[in-house]
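Visitor: Supplied in structure tokens, the structure appears directly below.
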Amino acid sequence: MDELLLLCGYQAAEMDKELPRVEKAFARLGITDEDIARGRERVRTYFDVELTGVRELLGMFVRELVNMVLARDEGRTKIIHACMAGGFEAVCSAFVAFSKDVFVEVPNPPFMVVFGGIFGRFIPILEAAEQLWLKSGLVSHCAMVKSRVGILALGLVPKPDAMVTSGLLCETSPKTNDIIHELYGIPTVYYDTCQDREMSEYPDSTRAIALEAASMRKAAEELGRHVGFRVEDGMIWEVIRAREEYGSAVDKVHRLIKESDPVPLGSTHENLLSWLAPVAMSIEGLKRATDAVNTLHDELRERVDKGVGVTKKGAPRILGILPSHHADPRLEHLINELGMVVIAVDYELSAPLPKEVPETQDPYITASQLLRGSMAQPLAARVKLILEGCRRWNIDGVLDHFHIGCRGVAADAFVLQEAVTKQLGVPVLVLEWENFDPRVFNYEQYKTRLEVFKSMMEGRR
């Protein structure tokens, strides 16, 4: 156990305090000595734990998992369960940071990284959900919502007093909350915005942002009534500032990766950078996460200066459509093994701000700016952003691994392929994918298709 925790950024000096907490949480989660041994091997295989920043980022997920499991034991009397709550992260962090009683559990990121990425045992959580009503098969439910049901069904986290989700990108998440409410009697809160934007509005998102901000404010007030704590605007602003510092640190790492040849960091690490953002970290936690990313940036800068990379200089540069697999690092690891590198994902793309943006006193308006992102844009605008990203970052190929369980993105896959191929001549590999289910991975099939993809990119050069 000690060795694994050290690989995940724990310091030897804190073991006396933290080891009993970790052992208690892991015992409750059913993590065995066999899991610990497998975890040590997987961490060394899939993550560059020679880098202090990588170890500390892994540790952030382990700490959050432990905090979540022990929340009631350690004095948090009210629990909010949040999922698919884009833009609401600042409100969630404010509950955690400013109330001694309220804890917000966002279970998917820590469970997917720790149970999935580290221990390789995320599948039983999905199977627990499938035994209820979320079935697997050719036309399957998204494993994102399956995981929430499985985690609750197995009793891996404290039963929450309230839930919050949105329909910004996923109408299945609110529907799942409705069923969870019927099964477990947990009150659920929603927020939303309009989905009827036209290309003529691009790049302006003022109408959608205003509607989401108003809806989020109502949701925060309703949650406050459920848990007996009201989040004030000043609290949210303080969290927003801390989250902006974290975002700026991540942006520095992203820029360094895009500007470097060879690329100094493996593609499996993008999940650590992006998947930590939804977690309801306290201000102290956000500062710790920011320090970890800044440390990573400095270490990567040293590698760039020495010409050290995860692949050879001149390796094909790939833009990923949708993020890295959240629970299984094997595809990204295979891409690097075959001599290619994912230098960016389309989540990093967003519509430009209008020339004149008035300052706002409403933190919910600021929190709702995520609606400028690629995924929240009308399809024509999303295509425009992806084409611009391919040109700007000198992309050799696009990995369009579309999430088959999500109607919102599955419908875009072949439109994106046609646009990139016709307008840029850039090869596009379309993969039917499941972004949260490790069972989708087929080594031989993906290896063959990736090798053909690589030859197409090199042939175009």
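Visitor: I'd like the residue in segment 379-399 that is of a type in the set (D, E, K, R), out of contact with any Leu (no Cβ under 8 Å at 6 or more places or on another chain) and touching a residue at least 12 places away in the same chain (Cβ under 8 Å) and, out of all such residues, is surrounded by the fewest Cβ atoms within 10 Å (Cβ to Cβ).
Guide: Result: Lys384.
Visitor: Now for a different question. Among the residues of segment 85-106, is any small (Gly, Ala, Ser), touching a Phe, Trp or Tyr at 6+ places or on another chain (Cβ under 9 Å), within 30 Å of Glu299 (Cα to Cα) and at pLDDT 95 or above?
Guide: yes
Visitor: If you don't mind, there's one more thing I want to ask. Glu64 - would you say it is touching a residue at least 60 places away in the same chain (Cβ under 8 Å), acidic (Asp, Glu) and within 20 Å of Glu299 (Cβ to Cβ)?
Guide: Spelling it out, it is not the case that Glu64 is touching a residue at least 60 places away in the same chain (Cβ under 8 Å), acidic (Asp, Glu) and within 20 Å of Glu299 (Cβ to Cβ).
Visitor: Another question, if that's okay. Spot the failing condition for Gly234; the list is (1) surrounded by fewer than 20 Cβ atoms within 10 Å (Cβ to Cβ); (2) in contact (Cβ under 8 Å) with a residue 60 or more places away in the chain, and only one is missed.
Guide: Answer for Gly234: the failing condition is (2).
Visitor: Does Asp73 fit the bill of being acidic (Asp, Glu), modelled with pLDDT of 95 or more and either touching a Lys or Arg at 6+ places or on another chain (Cβ under 7 Å) or buried (at least 21 other Cβ atoms within 10 Å of the Cβ) (or both)?
Guide: For Asp73, the condition - acidic (Asp, Glu), modelled with pLDDT of 95 or more and either touching a Lys or Arg at 6+ places or on another chain (Cβ under 7 Å) or buried (at least 21 other Cβ atoms within 10 Å of the Cβ) (or both) - is not met.
Visitor: Let me ask another. Condition (residue is assigned to a helix (DSSP H, G or I), out of contact with any strand residue (DSSP E or B) (no Cβ under 8 Å at 6 or more places or on another chain), without any contact (Cβ under 8 Å) to a residue 40 or more places away in the chain and not polar (S, T, N, Q)) applied to segment 367-378: is it met by at least one residue?
Guide: Looking through segment 367-378, none of the residues is assigned to a helix (DSSP H, G or I), out of contact with any strand residue (DSSP E or B) (no Cβ under 8 Å at 6 or more places or on another chain), without any contact (Cβ under 8 Å) to a residue 40 or more places away in the chain and not polar (S, T, N, Q).
Visitor: Quick one: would you say Leu385 is in a helix (DSSP H, G or I) and within 17 Å of the chain's Cα centre (by Cα)?
Guide: Here the answer is no, as Leu385 does not meet what is asked.
Visitor: Given the structure, is Phe414 part of a helix (DSSP H, G or I), among the aromatic types (Phe, Trp, Tyr) and either on the phi < 0 side of the Ramachandran plot or in contact (Cβ under 8 Å) with a residue 12 or more places away in the chain (or both)?
Guide: yes
Visitor: Any idea how many residues of segment 391-401 are farther than 17 Å from Gly373 by Cβ and in a helix (DSSP H, G or I)?
Guide: Qualifying residue count for the region: 1.
Visitor: Within segment 7-17, can you find the residues that are under 27 Å from the mean Cα position of the chain (by Cα), free of Cβ contacts under 8 Å to residues at least 24 places away in the same chain and not in a loop (DSSP other than H, G, I, E, B)?
Guide: none
The values are calculated or read from the model by the stated rules, or taken from the named source; none is laboratory data. Here the structure is a predicted model, which is why all the values come from computation and not from measurement. Glycine also receives a Cβ, built like all others from the backbone with ideal geometry; neighbour counts cover every protein chain displayed.
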